[in-house]
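The values are calculated or read from the model by the stated rules, or taken from the named source; none is laboratory data. Quick caveat: nothing in here was measured; it's all calculated off a predicted structure. All Cβ positions, even for glycine, are placed from backbone atoms using ideal geometry, and neighbour counts span all protein chains on display.
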Amino acid sequence: MGSATKQTPLKIAQHFLQFNDNSRSPFHAVQSIAALLKQHDFHTISESDNWASILTPGGRYVFTRNASSIVAFSLPNKHDPAQFAFNVIGAHTDSPCFKVKPVSDITAFGYLQVGVECYGGGLWHTWFDRDLTVAGRVVLRSESGKLAVKLISVPRPILRIPNLAIHLSRNVNTDGFKPNKETDTKPILATQLAASLNQMPSSNGPSEEHSRQQRQEKGKKGTGLASDRHAPLLLSVLAEHLQVRAEDIVDIDLCVADTQPCAIGGALNEFVFAPRLDNLASCFTATRALIAATKATYEDVESAQVCRMMCCFDHEEIGSKSSHGADSPLLDNTMQRICEAVDVHHGRVLPKSLLISVDMAHAIHPNYSNKHENNHRPALGAGLVVKTNQNQRYATSGISGLLVREAARRAGNVAIQEFVVPNDKPCGSTIGPLLSSRSGLRTVDVGQAQLSMHSVREMCSVHDFALCEQVFEELLKNQTLILNDIEGMELA
């Protein structure tokens with residue numbers, strides 16, 4: 001994989017479809033990212049390793065934390081300590097979804113249901129009447145007593161949240177659909193009758209209610225057994241997919257996901273229809289840009305004075321406050337350890353470095369155009385969006401925004417769009433301000449334009465993957481050279 005120009009926009013978008021389909025949970029997203037990196041000679045290391053004895057000039061490395069956040073970086077073949085810098089691109093692996101509760105076993109009126117918790121700020125009404133499944137990780141105990149973690153993504157639809165018929169909700173089209181997030185979002189797994197007829201362990205005629213109550217009571221008391229907290233039928237489905245026994249399952253950490261594959265659509269095949277565009281599209285383009293920029297390191301010695309890095313964090317959708325979120329010391333600690341390994345003072349590096357915070361941006365919606373500021377209306381297929389907010393909900397500054405625009409010019413006059421939120425509307429945020437304040441890195445917030453953000457099914461342009469990747473690659477390769485060309489930077 002070289003520069004984005006070596007593949008057509010359609011081909012790059014098709015690669016993304018496969019990437020997304022394989023990434024139904026943050027754990028699977030990290031697995032997909034790591035697989036791409038390993039194809040291009042990135043070597044797996046651990047945070048517990050002695051990096052000083054491992055890192056070598058020209059080396060490419062990747063490590064994960066919690067298996068849901070991932071960091072990758074490449075070192076220059078040789079470097080001048082006075083010129084060494086970090087060019088970092090950051091994104092997030094999580095998306096709004098339902099997650100299976102610790103005690104999820106529910107029966108009601110002859111149905112087996114799964115208790116779920118809302119994760120992030122989803123457009124929850126879009127999850128109704130969808131063919132749903134589960135993906136995430138499962139902890140197994142072998143016959144010898146050893147524990148093992150396995151990823152799982154059940155390919156077939158096993159869950160559904162049915163809408164209430166309009167005949168029973170006459171005013172829904174006038175009053176709006178306002179589902180209760182606790183009582184109205186429990187997916188149906190099966191009927192008790194079907195489970196009984198199929199001799200599944202989840203039902204046993206009239207005694208099922210008693211056994212369910214026993215399981216829930218044990219779950220509340222904290223026996224620690226998955227079978228006391230989750231429906232045996234759900235565990236049986238997981239076990240069948242993993243080809244293990246249901247009783248081998250100790251614990252589960254599962255996201256609910258839509259089973260409909262990603263698609264390219266529109267009358268002219270210019271759109272991508274997919275779940276989790278926010279923010280797997282950014283993870284995908286960031287990974288490809290890092291690979292391309294790292295390859296260029298060996299072809300252009302002049303631009304090879306920097307460490308190029310990518311960080312994809314979990315938990316952005318809920319505030320990033322976790323051991324492996326963007327508000328943790330993960331990025332800062334990584335940079336400090338690299339500086340120690342290559343014998344560079346961490347404080348000297350920061351003024352020359354850049355963090356590119358990549359998160360999806362709101363495209364203008366033709367039916368709701370009044371939601372955008374008149375002069376800042378990003379369009380699908382029109383290039384990378386630079387996001388600015390003077391109240392620091394986005395971390396873009398005058399200089400960091402300039403670096404992006406100049407990189408776009410040098411990358412072949414790639415189109416750049418601008419976005420600000422109107423003064424009378426609240427502004428969302430990203431990992432950019434968190435990472436900038438924690439690390440001291442000059443930061444710019446950018447993203448690919450999309451519609452239907454936080455829906456179960458989102459929409460973006462086929463063409464923007466390539467356009468964004470070109471700018472990211474140029475920044476990762478040559479940001480410090482662009483910075484050096486700006487006169488008066490000692491005052492900036």
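When the residues of region 347-367 are filtered to those that are of a type in the set (A, V, I, L, M) and part of a helix (DSSP H, G or I), which remaining residue is surrounded by the most Cβ atoms within 10 Å (Cβ to Cβ)?
If we take residues in region 347-367 being of a type in the set (A, V, I, L, M) and part of a helix (DSSP H, G or I), then 349 is surrounded by the most Cβ atoms within 10 Å (Cβ to Cβ).
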Practice item. Provide a single number: the residues in region 418-432 that are over 13 Å from residue 447 (Cβ atoms) and surrounded by 13 or more Cβ atoms within 10 Å (Cβ to Cβ). Key: 4
Exercise for review: Mind telling me which of the residues 54, 70, 33, 12 ends up being among the aliphatic types (A, V, I, L, M) and touching a Lys or Arg at 6+ places or on another chain (Cβ under 9 Å)?
Suggested key: 12
Practice item. Look at region 113-143 and say how many of its residues are modelled with pLDDT under 95 and part of a strand (DSSP E or B). Key: 1
Practice item. Only one of these is assigned by TED's automatic domain parsing to the domain that holds residue 288, part of a loop (DSSP other than H, G, I, E, B) and of a type outside the set (Phe, Trp, Tyr): 391, 370. Name it. Key: 391
Exercise for review: Quick one: which residue in 481, 476, 435 is surrounded by fewer than 24 Cβ atoms within 10 Å (Cβ to Cβ), assigned by TED's automatic domain parsing to the domain that holds residue 326 and assigned to a helix (DSSP H, G or I)?
Suggested key: 481
Check your understanding: Among the residues of region 335-345, is any within 20 Å of the chain's Cα centre (by Cα) and either at negative phi or part of a loop (DSSP other than H, G, I, E, B) (or both)?
Key -> no
Point to revise | Members of region 210-244 that are buried (at least 18 other Cβ atoms within 10 Å of the Cβ) and at pLDDT below 90 | key: 212, 215, 219
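Every residue, every condition in (1) in contact with a His (Cβ under 7 Å, 6 or more places away or on another chain); (2) at pLDDT below 95; (3) assigned by TED's automatic domain parsing to the domain that holds residue 305; (4) of a type in the set (Val, Ile, Thr), yes or no:
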site: 38; (1), (2), (3), (4): no, no, yes, no
site: 46; (1), (2), (3), (4): no, no, yes, no
site: 65; (1), (2), (3), (4): yes, no, yes, no
site: 69; (1), (2), (3), (4): yes, no, yes, no
site: 72; (1), (2), (3), (4): no, no, yes, no
site: 78; (1), (2), (3), (4): no, yes, yes, no
site: 84; (1), (2), (3), (4): no, yes, yes, no
Practice item. Using the structure shown, decide if residue 21 is crowded, with 17+ Cβ neighbours inside 10 Å, touching a strand residue (DSSP E or B) at 6+ places or on another chain (Cβ under 9 Å) and of a type in the set (D, E, K, R). Key: yes
Point to revise | Residues of region 245-274 classified as farther than 23 Å from residue 146 by Cβ and crowded, with 18+ Cβ neighbours inside 10 Å, total | key: 10
Practice item. Report yes if some residue within region 326-339 is modelled with pLDDT under 95 and in the same structural domain as residue 404 (by TED's automatic domain parsing); otherwise report no. Key: no
Practice item. Within region 339-356, track down each residue that is of a type in the set (Val, Ile, Thr) and out of contact with any strand residue (DSSP E or B) (no Cβ under 6 Å at 6 or more places or on another chain). Key: 342, 344
Check your understanding: Is there a residue in region 442-449 that is of a type in the set (Gly, Ala, Ser), in a helix (DSSP H, G or I) and over 30 Å from residue 349 (Cβ atoms)?
Key -> no
Practice item. Please go through region 144-179 and pick out each residue that is farther than 16 Å from residue 128 by Cβ and assigned to a strand (DSSP E or B). Key: 147, 148, 149, 150, 151, 152, 153
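Can you say whether residue 404 is buried (at least 18 other Cβ atoms within 10 Å of the Cβ) and either touching a Gly at 6+ places or on another chain (Cβ under 6 Å) or not assigned by TED's automatic domain parsing to the domain that holds residue 478 (or both), as far as the supplied structure shows?
Taking the combined requirement at face value, the residue does not satisfy it.
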Review point. For region 273-295, does any single residue satisfy the condition of being at pLDDT 95 or above and either part of a strand (DSSP E or B) or over 30 Å from residue 433 (Cα atoms) (or both)?
Key: yes
Check your understanding: How many residues, within region 440-473, are under 24 Å from residue 83 (Cβ atoms) and either surrounded by fewer than 24 Cβ atoms within 10 Å (Cβ to Cβ) or out of contact with any strand residue (DSSP E or B) (no Cβ under 9 Å at 6 or more places or on another chain) (or both)?
Key -> 3
**Study point:** Single condition residue 332 does not satisfy, out of (1) in contact with a strand residue (DSSP E or B) (Cβ under 9 Å, 6 or more places away or on another chain); (2) closer than 25 Å to residue 285 by Cβ; (3) among the charged types (D, E, K, R)
**Key:** (1)
Exercise for review: Using the structure shown, decide if residue 414 is surrounded by 19 or more Cβ atoms within 10 Å (Cβ to Cβ), outside any strand (DSSP E or B), of a type outside the set (Lys, Arg) and modelled with pLDDT under 95.
Suggested key: no
Exercise for review: Take region 73-100 and flag every residue that is of a type outside the set (D, E, K, R) and over 22 Å from residue 481 (Cα atoms).
Suggested key: 91, 92, 93, 95, 96, 97, 98, 100
Practice item. Output yes when any residue across region 119-141 is under 24 Å from the mean Cα position of the chain (by Cα), crowded, with 18+ Cβ neighbours inside 10 Å and on the phi > 0 side of the Ramachandran plot, and no when none is. Key: yes
